[in-house]
Amino acid sequence: MGTLGRIGSGRSLGVSPVGPTPPCCHRAWGGFTYPMRFRLLFRGCLCWAAASLQGAEMPKAIQDYWFNGAEINRYELTQARYGAEQPGNAVLIFVTEPFLSAQQVKDESGSGKSVAVLKMNEQREFYTGIYPYRTMTSVFQPIKASAALKVTTSVQEWCGQAFMQINRRPEAVVAQVWSYFEKEEGGAFDLPADALLEDEIWTQIRLAPEALPRGAIELVPGTLFLRFKHRHPALEKATATLSENGEQSVYTVDYPEVRRRIEITFDSAFPHVIRGWTEKLAGEEAVTTAKLTHRLEHELYWQENQPGDRPRRRALGLREEP
């Protein structure tokens, strides 16, 4: 495929799309044109406009881009697991939605106190020999804040499954773990209320990378890393740097005690598309890498849920069949 995916209106995106955001795709359904500045409940998804919550105080670029459907990014993944580099796919989906700040769930009724969040769903799929791994991490970060309210991660493979959830409360950051491993089942951990989370780096990059923490910091490593290494969530010392080299920037986090390093490469210009990442642990030859290959913008993917929609997966470089 000669292009890096297609936007919702069908126009291709160049291999290195930077600069002005492509025009928004307007789609009509039920007599309305998307986006409109009121809520519409359709097929279990709540479509809403930025102005209904906080649009008057929100930058126009944020309104035009992030309140105009979902962005879907497919990456060629090499996942370090069991001492080997396992090939697979990673998909990052970014979409805005109303989020009940107290219950920390999606506001589907429209009657509660909600905030606008940028949600990231990161899915990974790879095979370790005969059996598959499937993981998913979700991050919910308010548009106008630099800290995520909630993070969840699940891991499924033939041996069993594990789940981890982090909630940011006024009094503490609360982490809980459910696992088929005896020593991990039912664990709960309280962290400082202002604890930084590695998982919120990804949404912060997409919203305002200039606000990323730098220098000597403490943060909780990524929840997927914690599950893979069977580690308890805890603040770890780290050094973070942000470097810009023309059209692309790189955010690096080094954990000296964990002996782990992550690098995330993204476009310097808004909307700060994440181009790829690497994760390296000292003493291990296998390295996790991901490289962006396809992307779609302004998508209403939740409407494309019928067998006849499967060919659309080709636009993301994914197989039509499982």
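Quick notes on this structure:
- Those lysines that a straight Cα-Cα span of less than 28 Å connects to K113, excepting residues fewer than 8 apart in one chain: K60, K144, K150
- From the alpha carbon centroid of segment 294-317 to that of segment 96-138 is 19 Å.
- Equivalent ellipsoid semi-axes, segment 264-314, via Cα gyration tensor eigenvalues times 5, rooted, Å: 31, 18, 8
- Relative contact order, percent, segment 126-201 [alpha-carbon distance under 8 Å, six or more residues apart]: 22 percent
- Average projection, convex hull of the Cα set of segment 193-242: 3.8 square nanometres.
- Unit Cα scatterers, Debye sum, segment 210-322: log10 I(q)/I(0) for q = 0.12, 0.14 Å⁻¹: -0.61, -0.78
- DSSP-loop GluC sites (Glu not before Pro) across segment 154-256, with at most 10 other Cβ within 10 angstrom: E171, E182
- In straight-distance terms, cross-link reach from K291 covers every one of the lysines whose alpha-carbon lies under 18 Å from its own, apart from those fewer than eight places away in the same chain; here that gives K280.
Rule-based calculations on the coordinates, nothing more; no lab input. Not measured: the values here are computed from a predicted model. No Cβ is skipped: glycine too gets one built from the backbone with ideal geometry, and neighbour counts run over all protein chains shown.
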